[in-house]
Every structure is written in C-alpha cells, then in structure tokens.
1. Not counting the cut sites, what is the longest span of the chain without trypsin sites (Lys or Arg not before Pro) that DSSP labels loop and that have at most 10 other Cβ atoms within 10 Å?
2. If you rank Asp274, Asp237, Asp60 by fewest surrounding Cβ atoms within 10 Å, what's the result?
3. So what's the net charge close to Glu215: Lys and Arg +1, Asp and Glu -1, counting the other residues with Cβ under 14 Å from its Cβ?
4. Which loop-located chymotrypsin sites (Phe, Trp or Tyr not before Pro) does region 139-197 contain, where loop means any DSSP state but H, G, I, E or B and the Cβ has at most 11 other Cβ atoms within 10 Å?
5. Using Cβ contacts closer than 10 Å as the measure, can you line up Ser184, Ser275 from fewest to most?
6. Share of antiparallel DSSP beta bridges in region 13-311, in percent to the nearest 5?
7. Is there a pair in Lys50/Lys134; Lys93/Lys117; Lys119/Lys173 whose C-alpha atoms are over 21 Å apart, and which pairs would that be?
8. If N is the number of residues in the chain, what value comes out of its Cα radius of gyration divided by 2.2 N^0.38 Å?
Amino acid sequence: MKHNLKIIIPLTIGMLLTACVSNTPAPVSELEPTTVKSTPEYFLNSSEYKLLLNAEMFGDYEKGFAEYWQIIKEVAAAEGIPVLEKDNPLKVKHKQVSFWDTEGLDLRKNSFLLRRKSKYKDGEIAPGYEFGLKFRQPDQATTLSKDLSMTDGYVPKFDRIELESDIVYYSAKNGGDDVTYAVSNSVQLDDMPSNTYGGFVKIYPVLATLGISEEAELSMVAGTAVEEWMVKPGKLDFGDGLYGRMDMSVWIVETEEGELRIAEFSFDHDFTKDSQYDAEAMKRCTTFINKLNDYKPEWSEVGKLKAAYLFE
C-alpha cells in the first residue's frame, strides 16, 4: 500500500489528531478551544492507532502473534524507538465479545455501540459481565455533547469517562487515515440486565433521549459472539514521556458461511489536560504504523473498525 508520511506539529490537545491527518494549517477559528456544555467535563484523554492485519497470517494465531511481534521490534529498532517488553510478551488472553442492539439496529443508527465482554477462566466463561456504552462521531464537538454518565448506584469500571480518538490507517472509507472520536463508559455487573432497551436506560440515562421504545428487545448483533484472542506485549517509547501501549488481537467469528478471522495491531497513549508532547515524539508516534506497513505490506489489510464486520 502506498502512503505519504505526515509531520505532526501539535498545537493544543484538541488539535493533535487534526494534525495526524493533515499538514494543512488549521483555520484560525479552529485554534479556539471547543467549549461544549456537558457534565462531566471531557477532554481528549487518549488516542488509539489501529492497523488491520492480514487474517491469513493468523490461521495459527499464536504463531502469527510471534512473527508480527518480531516485525514490530525490527521496525522499532530501525527507527530508534525503544521497546519496553513485558516478561511474557506473548501471553494470550481470551475473552468473549458481543454487541447488542435492537432488531432495526437503532443504537447503531444513533451512533451508539453497546458491547459486552466476558472473561474466560480455565476454559469456561467466568461469572459476571462487563458492559460498555460508546458514542462515536467524526466530529469532536458532536461527540462531546453526549453525557454517558451512569445512574447513581452503578459504579463505572474506570475513574473517568473516556474521550478517545481512534485512527484507522489505510481506511476502506477514504484510503487514508480515518479519525473518529468516541466517548465511552463501562460497568462491571454480576448479572445480565434485562435484555430490553429499558434495562440499559436504567444504567445509562442518555439512552432515554433517543426515542427508542423501552420495551424493544436487544439481542446479539449478527446473532453471534466473537472469540477474542489478544496479547499485550509491551510499550513503545516515542520520547518525551509518550508511551504507546501495544495490543495484537484476533477475532474469531462463526458465521453461516463459515469461520471469519479479523486481526489487528494497535497502540494507544494518554493525553494530559493542558499539556502536549513535543513535535518529534508525536512524529515518531504517528508515523510508526506507516513504517510497519512499508516494511512488510503483505501483513496489512485495508482498514476498518473490527465491529463493522459484525454489523455488515
């Protein structure tokens, strides 16, 4: 795949991801901080960079993880980027992932995504469920307008509501880097809520604003769950305190047509409110996936978010 590398010169935290996809100076009006009336106050607190991988390389996913990990380390060494490797970088974690929506996919039509994760222990699904609600849009201000706070009595899994930018490289949508913004909030539950829309309105009041009947039944999208196999091998040190936390994952989905495999490499990093990373660190970060693709293009695929496969 052919791509031009882009130099990133961060301006404000809100502008960092605009810089990721364009060298064109921003209009003066865009330099003003976005003010959105919202509770709680959000700021861009993380970014995730995604590269869809060639699923044929992961017929044996453990072998695929090991081979691509070697590629990552070779590219990092060539770019002078230290790799902070875990003691057991290829330890595989296994989860079941499913997405829930109405028959007419009303949540998706309103740019919401409801995901359930279940962990495996000793080969069996462990008790309890993690549900996460996400709202995603290409426009940061629109994303910020949604308050994903939970009803009192429900305890969020994380200490903040995430506002994340997701960057899909070599996108099927535009051929370049597709940037979207998402707010998300997750909760760990002992029991499965009612599989009606109203069961989740009780947790996330924002869902009551969509005009969807609370009696509407929710079911698994595509009628199936994903078996997720993942490794978290370590971090990339881009400098100036900018560390990219790496994941490699393979989704295995059983469909009526047979087994579907979806593989992805990604890394993410945090932002701190009212601060920014230096230009050289951001440049190393935002061009790293381009370097990976250029080094071994046969390992890459045209990009899209993994969940899109189930909705399609």
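Coordinate-derived values only; no laboratory data. Keep in mind that what you see is a predicted model, and the values were worked out from it rather than measured. Cβ sites come from the backbone with ideal geometry, for glycine too, and all protein chains shown count toward neighbours.
1. Details: sites that count: Lys2, Lys37, Lys273.
In the chain, the maximal stretch lacking such sites is 38-272.
2. Ascending Cβ contact count within 10 Å gives the list Asp274, Asp60, Asp237.
3. Working: positive: Lys202; negative: Glu103, Asp106, Glu214, Glu217.
Taking every Cβ under 14 Å from that of Glu215, the sum is -3.
4. Passing sites in region 139-197 are Phe158.
5. Ser275, Ser184
6. Numbers: 72 of 78 bridges.
DSSP beta bridges in region 13-311 are roughly 90 percent antiparallel.
7. Numbers: Lys50/Lys134 17 Å; Lys93/Lys117 13 Å; Lys119/Lys173 32 Å.
Among Lys50/Lys134; Lys93/Lys117; Lys119/Lys173, the Cα-Cα distance tops 21 Å for Lys119/Lys173.
8. Numbers: Rg = 19.7 Å, N = 312, 2.2 N^0.38 = 19.5 Å.
In units of the globular-protein estimate, the chain measures up at 1.01.
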